[in-house]
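**Student:** Got a structure here, written out as structure tokens. Questions coming.
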Amino acid sequence: MNELSLAVDIGGTKLAVGLVDRTGELIHSRHRPTPHTGAPELVWSDLAELVEDERRQAQEVGLVTVCGVGCGGPMSLEQGLVSPLNIPAWQTFPLRQRLSDLTGTATFLDNDAKALAVGEGWKGAARGRRDYLAMVVSTGVGGGIVLDGRLLDGRLGNAGHIGHVVVEPEGRPCVCGGRGCLEAEASGTAIAAITGGEPANAPSEIVARCGAMVGRAVASVANLLDLSLAVVAGSVALGFGEPFFEAARHELHARAGMAFSAGTEIVPAGLGARGPLVGAGAVGWLGTGMVIWEKRVR
């Protein structure tokens, strides 16, 4: 029987659940909008219903043996607690335990952008690379870093949070409490606040500015960590398309001038809309000991 990872992706705009097999194939998925509420149990109720629906679907195609979760941060990875900035109802919410109790399955949790990094290294635009940054430009901005074939966790599991690299020192206030963070300048939430409309309708100058802010942040990371590739996903970045990436590359090349960082590339994510769920599924498989990168060190 086909073994499956029950993949759960939790973001500020939507909740998604899918089934990912051991080859990285997304077999099936479903999603619904993330509730805008201050009641944590209402958010959980919607997620639990989605998970149960997908578990019933799984019975037709295979056997769920693990659950992998990608969720917006920050979080405390060891305790399985999440406090997503874009889901204020959840503060130190015990997500891993709640999902484990619901499914009766071993459950492994990580930041959604770190999960994307795993997915892109496994089946996407970073396949075969052992050093890269993967990031999501969507409702918020997140990132994950693979260095020497190892996904960086950090002290509490929050390594790679490029959304809170400062790109405009006197810029817009950020939900994190800072000012001028990449998320405050280039996320879907920021664009809506700046333009008064949906990001998809943003004028060309806003598209170019958002790309430039991303390129500026990537340059800092490339210079700091000796990376030569940034893979960018998310509805805002992928929706803006080539004008966004052209502006990002121009800014990156203007600011990453060290001999080791001068050739750093920014490319669209290879998995497209499948990336978050493939990544979440991969988090589950990694938890079982499956190897994603050759000579992987954890």
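**Student:** Within region 88-110, is there a residue that is touching a residue at least 60 places away in the same chain (Cβ under 8 Å), closer than 21 Å to residue 157 by Cβ, of a type in the set (Phe, Trp, Tyr) and crowded, with 16+ Cβ neighbours inside 10 Å?
**Tutor:** Within region 88-110, one or more residues are touching a residue at least 60 places away in the same chain (Cβ under 8 Å), closer than 21 Å to residue 157 by Cβ, of a type in the set (Phe, Trp, Tyr) and crowded, with 16+ Cβ neighbours inside 10 Å.
**Student:** Are any of the residues in region 262-277 buried (at least 22 other Cβ atoms within 10 Å of the Cβ), out of contact with any Asp or Glu (no Cβ under 7 Å at 6 or more places or on another chain), modelled with pLDDT of 95 or more and not in a helix (DSSP H, G or I)?
**Tutor:** The answer is yes; a qualifying residue exists.
**Student:** Taking region 94-113 as the region of interest, how many residues are under 27 Å from residue 234 (Cβ atoms) and among the aliphatic types (A, V, I, L, M)?
**Tutor:** 4
**Student:** If you don't mind, another one. Kindly evaluate residue 85 against the criterion of being of a type outside the set (D, E, K, R) and either at pLDDT 95 or above or under 15 Å from the mean Cα position of the chain (by Cα) (or both).
**Tutor:** So residue 85 passes the test.
**Student:** Select, from 136, 118, the only residue that is hydrophobic (A, V, I, L, M, F, W, C) and in the same structural domain as residue 217 (by TED's automatic domain parsing).
**Tutor:** Going through 136, 118 in turn, the sole match is 136.
**Student:** Tell me which residues, restricted to region 103-136, are in contact with a helix residue (DSSP H, G or I) (Cβ under 6 Å, 6 or more places away or on another chain) and of a type in the set (A, V, I, L, M, F, W, C).
**Tutor:** If the condition is that a residue be in contact with a helix residue (DSSP H, G or I) (Cβ under 6 Å, 6 or more places away or on another chain) and of a type in the set (A, V, I, L, M, F, W, C), then 108, 109, 115, 116, 118, 122, 126, 133, 134, 135, 136 are the ones that fit.
**Student:** So, one more: Kindly provide the set of residues from region 67-84 that are among the hydroxyl-bearing types (Ser, Thr, Tyr) and touching a residue at least 60 places away in the same chain (Cβ under 8 Å), ordered by number.
**Tutor:** 76
The values are calculated or read from the model by the stated rules, or taken from the named source; none is laboratory data. What you are looking at is a predicted structure, and each value in this text was computed from that prediction instead of being measured. Heads up, the Cβs are rebuilt from the backbone with ideal geometry, glycines too, and the neighbour counts pull from every protein chain shown.
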